[in-house]
Amino acid sequence: EDGKTPDDKEGDKPVVSIVATDAVATEGTTDTATFKISQTNTSNFDTTVDVKLNLTTASRADISKVEYTDANGNTVELTPAQIDSLIAGTFEVVIPKGSTGTPSFTFTATDDDIYEISEGFGLSISNAQNATLGTDTATAVINDEDDTNTPNVPNDGDKPVVSIVATDAVATEG
């Protein structure tokens, strides 16, 4: 009971939330973005949530790898089909009964040659079973790598260079 409703038997029901513990991934580096799912209380029941990858200004091509670590600490690289499930919002995460583990997703950015500065994406959780939803959305960005020739200008690694070249170096007057 929660003390407010005499018939409420869910007073210790866990609250499950998601947070971006590292909200920036940078192209061309080992800098990754990481999201963790946690719950407030240990439970006698498995907690499940569906996870969705929200591609706001980023696209699937901007992500080269997604690693999933389950509540027991086992890490796997997601297959293309599993990433499709993540995009569709049907990727199920389980926190086993009695567990205090925190499942996580780690995103590695694709090092492309496109000037983007930064692109947004996020994860959301829904359809909680044996738990109440708390914070259900977290966001992160993928930054373009830095150009070593312009150290004071961040995220400009793929910035195009415009130049003018004379095709005929001699002009005749008159």
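The values are calculated or read from the model by the stated rules, or taken from the named source; none is laboratory data. The structure displayed is predicted, hence computed values, not measured ones. Cβ sites come from the backbone with ideal geometry, for glycine too, and all protein chains shown count toward neighbours. The protein model used for the area step is the full one, side chains on, heavy atoms only, and it has no ligands, DNA or RNA in it. Shrake-Rupley method; radii C 1.70, N 1.55, O 1.52, S 1.80 Å.
If you check VAL19 against the conditions, is it open to solvent by 50 Å² or more (accessible area, probe 1.4 Å), touching a Lys or Arg at 6+ places or on another chain (Cβ under 9 Å) and not charged (D, E, K, R)? So that I can check it myself, show each step before the final result.
Details: open to solvent by 50 Å² or more (accessible area, probe 1.4 Å): yes; touching a Lys or Arg at 6+ places or on another chain (Cβ under 9 Å): yes; not charged (D, E, K, R): yes.
When the stated conditions are applied, VAL19 passes them.
Would you confirm, using the coordinates I've provided, whether ASP46 is under 24 Å from ILE142 (Cβ atoms) and not small (Gly, Ala, Ser)? Working first, answer last.
Values: under 24 Å from ILE142 (Cβ atoms): no; not small (Gly, Ala, Ser): yes.
Considered against the rule, which asks whether it is under 24 Å from ILE142 (Cβ atoms) and not small (Gly, Ala, Ser), ASP46 comes out as no.
Tell me whether segment 109-126 contains one or more residues that are farther than 23 Å from VAL24 by Cβ and either at pLDDT 95 or above or among the hydrophobic types (A, V, I, L, M, F, W, C) (or both). Lay out the reasoning, then the answer.
In the first step, residues of segment 109-126 are kept if they are farther than 23 Å from VAL24 by Cβ; the result is 126.
After this cut, where a residue has to be either at pLDDT 95 or above or among the hydrophobic types (A, V, I, L, M, F, W, C) (or both) as well, the list is 126.
Looking for residues that are farther than 23 Å from VAL24 by Cβ and either at pLDDT 95 or above or among the hydrophobic types (A, V, I, L, M, F, W, C) (or both), one finds at least one in segment 109-126, hence yes.
Given the condition closer than 24 Å to ASP144 by Cα and of a type in the set (A, V, I, L, M), answer yes or no: does some residue in segment 45-57 qualify?
For segment 45-57, residues closer than 24 Å to ASP144 by Cα and of a type in the set (A, V, I, L, M): present.
Could you list, in sequence order, all residues of segment 77-108 that are under 21 Å from GLY120 (Cα atoms) and among the acidic types (Asp, Glu)?
The answer is ASP84, and nothing else.
Just to confirm my filter: which strands (runs of 3 or more DSSP E) fall fully inside segment 46-109 and include at least 1 residues that are surrounded by 14 or more Cβ atoms within 10 Å (Cβ to Cβ)?
On the way: elements: 47-55, 63-69, 75-77, 91-95, 104-109.
Ranges flagged: 47-55, 63-69, 91-95, 104-109.
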